[in-house]
Amino acid sequence: QVQLVESGGGLVQAGGSLRLSCVASGNIFSINAMGWYRQAPGKQRELVATITSGGTTNYADSVKGRFTISRGNAKKTVYLQMNSLKPEDTADYYCNADLRTSGAARVSIYWGQGTQVTVSS
């Protein structure tokens, strides 16, 4: 059983900051990468940022220079520091992880439950 538990969402004014957290737990053998996606009302889910176990990061063009993704020391936690927030950032944010539950298992994708971020103008 694998769980991804998110926290840190809320309401903030444009120009403000929020920090999202996601903790992975359960039967985890190894984690290849973790990331954040978001889905605004009426739109498709889109990539925000990803980070590999080696520290390689990838960002959507719309958030470069404003958002920073990082991993905790145990590498089962991922953070998303969001600065200079815009109303266009309003969405449900989802944590995900590419991981193996055993040495014999293939890499599978797991998702958190989502946390809502609302940016007011």
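The values are calculated or read from the model by the stated rules, or taken from the named source; none is laboratory data. All values reported here derive from a predicted model rather than from experimental measurement. In this analysis, Cβ positions are derived from the backbone assuming ideal geometry, glycine residues included, and neighbour counts consider all displayed protein chains. The accessibility values were calculated without ligands, DNA or RNA, using every heavy atom of the protein model including side chains. Shrake-Rupley method; radii C 1.70, N 1.55, O 1.52, S 1.80 Å.
Distance between the pseudo-spin-label points of ASN83 and LYS64 (7 Å out from Cα toward the beta carbon): 1.7 nm. Heavy-atom accessible area with a 1.4 Å probe sorts THR90, THR68, largest first, into THR68, THR90. Here's the picture: charge each Lys and Arg Cβ at +1 and each Asp and Glu Cβ at -1 in the chain, and of GLN116, THR50, GLY26 the one pushed furthest to the positive end of that dipole is GLY26.
Counting Lys and Arg as +1 and Asp and Glu as -1, what is the net charge of the other residues whose Cβ lies under 12 Å from the Cβ of LYS43? Cβ neighbours under 12 Å give a net charge of -1.
Ordered by solvent-accessible area of protein heavy atoms (1.4 Å probe), largest first, the residues TRP111, TRP36 come out as TRP111, TRP36. Using the Cβ of THR56 as centre and a radius below 14 Å, the other residues enclosed give a net charge of +1, where K and R count +1 and D and E count -1. A Förster radius of 25 Å, combined with the Cβ-Cβ distance separating LEU11 from ARG45, puts the computed FRET efficiency at roughly 0.70.
With a probe of 1.4 Å, find how much accessible area segment 10-121 has per residue, and write the answer as a whole number in Å². Spell out each step's value before the answer.
On the way: 5990 Å² over 112 residues.
Averaged over the residues of segment 10-121, the accessible area is 53 Å².
Of all accessible surface on the chain at a 1.4 Å probe, what whole percent is carbon and sulfur?
Values: 2940 of 6500 Å².
So the carbon and sulfur contribution to the accessible surface is 45 percent.
Taking a label point 7 Å from the Cα of THR56 along the Cα→Cβ vector, which residues of segment 84-106 have an amide N closer than 15 Å to it? Those under the cut-off are 98.
Which net charge results for the neighbourhood of TYR94, defined as the other residues with beta-carbon distances under 10 angstrom from its beta-carbon, given Lys and Arg at +1 and Asp and Glu at -1? Show your work: numbers first, answer last.
On the way: positive: ARG38, ARG45; negative: GLU6, ASP92.
Here the charged neighbours net out to 0.
Spatially close Lys pairs in the chain, defined by Cα atoms under 23 Å apart and a spacing of eight or more places or different chains, total 4.
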